[in-house]
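Visitor: Got a structure for you, questions after.
The values are calculated or read from the model by the stated rules, or taken from the named source; none is laboratory data. In this text, all values refer to a predicted model and were calculated from it rather than measured experimentally. As a convention, Cβ positions derive from the backbone with ideal geometry for all residues, glycine included, and neighbour counts pool all protein chains shown.
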Amino acid sequence: MTTTAPETTTDAASRAPEASAPRTTDAPLARRARRSPVDIGLTVWSVLVFLFLFAPIIVILVYSFNNGRLLIAWNEFGFEPYRALWEKPAVRDAVAVSLRTGAIAAVLATLLGTLAGIALARKPGKWALWFIGLLLLVSVTPEIVDAVALLPWLVFLGQDAGLSIFNDGTVRLVVGHSLFSTAVVTYIVRARLVGLDAQLEEASADLYARPLTTFRRVTLPLAMPAVLAGLLLSFTLSLDNTVVAAFVQVSGSTPWPVYVLSALRGGLRPEIAAVSTVMLLLTLAALALVAVVLKRAGDSATQIARTMSGG
Amino acid sequence: MRSLRLPSFALAIPAWAWLVTFFVVPVGAVLYFSFGYKPGIFGTHATDVLSFDRYAEALSPTFFEVFMNTLWVGIAGTLLCLAIGLPVAYWMAVKAPANRRGLLIALVMVPYWTNFLVRTIGWQIILAPEGWMSQLLQTVGITEGPLEILYTRTAVLIGVVYNYLPLMILPLYVAFDRVGPALREASKDLGANRVSTFLRVTFPLARPGIIVGLLLVYIPLMGDYITATVLGGAQGNMVGQLVASQFQAAQNWALGSAMAVLLILVIMVSAAAIGLQLWLVSLPFRARNRVVLEASA
């Protein structure tokens, strides 16, 4: 078998590596020709790890079609669990609470984080060190510590200090969800603007634009991809927030993850998997949007990876 | 007509105020509570007499075991993530076709952004003694009886490795990707084989990414509450659960606060130790590399 024709399939090339030219301009061909046991081992290992990463997600997907009474015990295939979405008010309300608080917390965190990120990137100084220290502290503090700290404080504000707004379930969840997200948005916006030269803003100032105009017409559009990415990431972070939400929530406005957590004690039903599947699709849609936004802004895959793992 | 002059950090004030009000103040209160005590059955905390007694109590043998257990899970889990994730990140950045890298990153992202609690429940289904994995292993004949992993420390370890693995793979990928093919090829052209290219070029240059990965995994892992709750049961206790139970079931905020403060201290000290250790280890390499570079220049 000779593989001199340029149309050779890559399969044939890998079977007869010596026959194909060692360094052609065709990159994948050359790569395959150099396969060694180490490469094969790495590939096999990676495939196994990807299977590991997807195992529980596939299990949840499959079990969301379990027409049984208990999630763990497979009974028969069916769409019964998905009906809970509109038939069970408790489930429906929990999802609605999650979406509502997620949206509000995302807008709030994006507002706070964008302004702070711009300040960090454009007006660095001694204060920035302190501020970054605070953000780091927010990021490394375990969620459970946030949770146990925030609950007595919100109770104090709502009852002892008479600020009845803090007795409201939505407000409490928004406060709890916004802390970590604010830090994340700040990191992302700062990282984007630091990478961009301040010359455009200087030019705008030289052309007699007032600071506010420069901010609105130059700085903000430059930061926009990061702002949008931050918004969507905050939204998904909020949908994911379980620990803080479980502590600060008020009965009557239970978000979806807390509903699942409390169901854990009484035996999980298949509808948990069904709603989780729907929520997963929602999250993935938001993340795909983030990727599209960043890609259109000219980010490479690596930059997108960095942004999406939290700056 | 210059209107009022704002300080340079003016734009950061809203975020700063928000974080101070809802993070610094409440966490500061926890720090304060930790020096108090629990007055009687119905009180949660009192701070009229301040002492370090709650810290002594939190480190008494009953609870100390949970701290050691958490540290064990934290260190073992982080090292396992590194061992599992490093080859994958290297493969993604160096071996996988360049046009598929975006897709591969997306594939690492999907589990990371799936609801934390839900994916942990996925493992509960997989590891359950009456689950399909258990039956499969018995049918194939690998295990005699049903799988007895759920609600043990092993289950918690599997859970945390799973939950935090993407946080290891992504920074490692970024680090390996940044090294780029040029330096590897230069090393090869200078006669280095694959192993020494990896050990003396790729790996040292990727070290910052490794430190980031270790910290990104270790810090949230130590404070984990969900994984241990879903998969650990009574045997797999971690400090996060201990803090929660003091605030909820035991209604002892003083003791719970002391545990929370200790948890943060343990995380900060050991994270700093990880960073310092790796930095110290890298010093001799750096010195040697500098000599080599100068000699070749």
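Visitor: Looking at the structure I just gave you, is A:Ile132 touching a residue at least 12 places away in the same chain (Cβ under 8 Å) and surrounded by fewer than 20 Cβ atoms within 10 Å (Cβ to Cβ)?
Guide: So A:Ile132 passes the test.
Visitor: Turning to a different aspect of this structure: Do you know which residues across the range B:44-62 are in contact (Cβ under 8 Å) with a residue 40 or more places away in the chain, over 17 Å from B:Leu265 (Cβ atoms) and of a type in the set (Gly, Ala, Ser)?
Guide: B:Ala46
Visitor: Among the listed residues B:Leu172, B:Leu147, B:Leu165, identify the single one that is aliphatic (A, V, I, L, M) and without any contact (Cβ under 8 Å) to a residue 60 or more places away in the chain.
Guide: Going through B:Leu172, B:Leu147, B:Leu165 in turn, the sole match is B:Leu147.
Visitor: A:Val194: surrounded by fewer than 15 Cβ atoms within 10 Å (Cβ to Cβ) and either within 13 Å of chain B (Cβ to nearest Cβ) or among the β-branched types (Val, Ile, Thr) (or both), yes or no?
Guide: Judged against the criteria, A:Val194 is a match.
Visitor: A further question follows. (1) surrounded by fewer than 18 Cβ atoms within 10 Å (Cβ to Cβ); (2) among the basic types (Lys, Arg); (3) touching a residue at least 24 places away in the same chain (Cβ under 8 Å): which one isn't true of A:Arg172, the others all being true?
Guide: So the condition that A:Arg172 fails would be (1).
Visitor: Right, something else. Check whether at least one residue in the range B:212-219 is part of a helix (DSSP H, G or I), more than 17 Å from the chain's Cα centre (by Cα), at pLDDT below 90 and surrounded by fewer than 21 Cβ atoms within 10 Å (Cβ to Cβ), and report yes or no.
Guide: no
Visitor: Give me the residue from the range A:138-169 that is under 25 Å from the mean Cα position of the chain (by Cα) and hydroxyl-bearing (Ser, Thr, Tyr) and, out of that set, surrounded by the fewest Cβ atoms within 10 Å (Cβ to Cβ).
Guide: Looking at the filtered set, the residue picked out is A:Ser139.
Visitor: Another one. Restricting the search to the range B:115-144, which residues are free of Cβ contacts under 8 Å to residues at least 12 places away in the same chain, closer than 29 Å to A:Asn241 by Cβ, assigned to a helix (DSSP H, G or I) and not hydrophobic (A, V, I, L, M, F, W, C)?
Guide: B:Gly122
Visitor: Taking the conditions exactly as written (more than 23 Å from the chain's Cα centre (by Cα) and crowded, with 24+ Cβ neighbours inside 10 Å), does A:Val185 satisfy them or not?
Guide: Considered against the rule, which asks whether it is more than 23 Å from the chain's Cα centre (by Cα) and crowded, with 24+ Cβ neighbours inside 10 Å, A:Val185 comes out as no.
Visitor: Hey, does the range A:101-120 have a residue that's surrounded by fewer than 21 Cβ atoms within 10 Å (Cβ to Cβ), touching a Phe, Trp or Tyr at 6+ places or on another chain (Cβ under 9 Å) and outside any helix (DSSP H, G or I)?
Guide: No, there is no match, as no residue in the range A:101-120 is surrounded by fewer than 21 Cβ atoms within 10 Å (Cβ to Cβ), touching a Phe, Trp or Tyr at 6+ places or on another chain (Cβ under 9 Å) and outside any helix (DSSP H, G or I).
Visitor: For the range A:278-305, name all the residues that are of a type outside the set (A, V, I, L, M) and in a helix (DSSP H, G or I).
Guide: Passing the criteria: A:Thr283, A:Lys295, A:Arg296, A:Thr302, A:Gln303.
Residues checked against (1) on the phi > 0 side of the Ramachandran plot; (2) in contact with a helix residue (DSSP H, G or I) (Cβ under 7 Å, 6 or more places away or on another chain); (3) facing chain B (nearest Cβ under 10 Å); (4) in contact (Cβ under 8 Å) with a residue 60 or more places away in the chain:
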{"residue": "A:His177", "(1), (2), (3), (4)": "no, yes, no, yes"}
{"residue": "A:Val218", "(1), (2), (3), (4)": "no, yes, no, no"}
{"residue": "A:Val243", "(1), (2), (3), (4)": "no, yes, yes, yes"}
{"residue": "A:Ile272", "(1), (2), (3), (4)": "no, yes, yes, yes"}
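Visitor: Is it the case that B:Tyr112 is in contact (Cβ under 8 Å) with a residue 24 or more places away in the chain, part of a helix (DSSP H, G or I) and over 29 Å from A:Thr141 (Cβ atoms)?
Guide: Answer is no for this residue.
Residues are listed down the side, and each one gets a yes or a no for (1) more than 23 Å from the chain's Cα centre (by Cα); (2) away from every other protein chain (no Cβ under 13 Å); (3) at pLDDT 95 or above; (4) within 17 Å of A:Thr236 (Cβ to Cβ):
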residue: A:Lys88; (1), (2), (3), (4): yes, yes, no, no
residue: A:Ala106; (1), (2), (3), (4): no, yes, yes, yes
residue: A:Thr110; (1), (2), (3), (4): no, no, yes, yes
residue: A:Leu120; (1), (2), (3), (4): no, no, no, no
residue: A:Pro124; (1), (2), (3), (4): yes, no, no, no
residue: A:Trp127; (1), (2), (3), (4): yes, no, no, no
residue: A:Ile132; (1), (2), (3), (4): no, no, no, no
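Visitor: Do we find a residue being assigned to a loop (DSSP other than H, G, I, E, B) and within 30 Å of B:Arg178 (Cβ to Cβ) anywhere in the range B:56-65?
Guide: Looking for residues that are assigned to a loop (DSSP other than H, G, I, E, B) and within 30 Å of B:Arg178 (Cβ to Cβ), one finds none in the range B:56-65, hence no.
Visitor: Further, regarding this structure: Just give me the residues in the range B:265-290 being modelled with pLDDT of 85 or more and either crowded, with 20+ Cβ neighbours inside 10 Å or within 16 Å of B:Thr202 (Cα to Cα) (or both), in sequence order.
Guide: B:Ile267
Visitor: Looking only at the range B:6-50, filter to residues that are among the hydroxyl-bearing types (Ser, Thr, Tyr) and under 32 Å from the mean Cα position of the chain (by Cα); which one of those is farthest from the other protein chains (Cβ to nearest Cβ)?
Guide: Within the range B:6-50, the match that is farthest from the other protein chains (Cβ to nearest Cβ) is B:Tyr37.
Visitor: What do you reckon, is B:Val94 in contact (Cβ under 8 Å) with a residue 24 or more places away in the chain, more than 18 Å from A:Ile58 (Cβ to Cβ), at the interface with chain A (Cβ under 7 Å from one of its Cβ atoms) and over 16 Å from the mean Cα position of the chain (by Cα)?
Guide: no
Visitor: Look at B:Gly77 and say whether it is more than 9 Å from chain A (Cβ to nearest Cβ), in a helix (DSSP H, G or I) and crowded, with 19+ Cβ neighbours inside 10 Å.
Guide: It is true that B:Gly77 is more than 9 Å from chain A (Cβ to nearest Cβ), in a helix (DSSP H, G or I) and crowded, with 19+ Cβ neighbours inside 10 Å.
Visitor: For B:Gly191, work out the one condition from (1) of a type outside the set (S, T, N, Q); (2) assigned to a helix (DSSP H, G or I); (3) over 19 Å from the mean Cα position of the chain (by Cα) it doesn't fulfil.
Guide: (2)
Visitor: Test each condition in (1) farther than 30 Å from A:Val275 by Cα; (2) within 12 Å of chain A (Cβ to nearest Cβ); (3) surrounded by 15 or more Cβ atoms within 10 Å (Cβ to Cβ) for B:Glu57 and report the one that comes out false.
Guide: If we test B:Glu57 against (1) farther than 30 Å from A:Val275 by Cα; (2) within 12 Å of chain A (Cβ to nearest Cβ); (3) surrounded by 15 or more Cβ atoms within 10 Å (Cβ to Cβ), just (2) comes out false.
Visitor: Picking from B:Leu157, B:Leu104, B:Leu136, B:Leu147, which residue would you name as being surrounded by 20 or more Cβ atoms within 10 Å (Cβ to Cβ) and over 26 Å from the mean Cα position of the chain (by Cα)?
Guide: Matching residue, one of B:Leu157, B:Leu104, B:Leu136, B:Leu147: B:Leu147.
Visitor: Any chance the range A:159-166 includes a residue that's within 22 Å of B:Ile226 (Cα to Cα) and either of a type in the set (Gly, Ala, Ser) or in contact (Cβ under 8 Å) with a residue 60 or more places away in the chain (or both)?
Guide: The answer is no, given that none of the residues of the range A:159-166 is within 22 Å of B:Ile226 (Cα to Cα) and either of a type in the set (Gly, Ala, Ser) or in contact (Cβ under 8 Å) with a residue 60 or more places away in the chain (or both).
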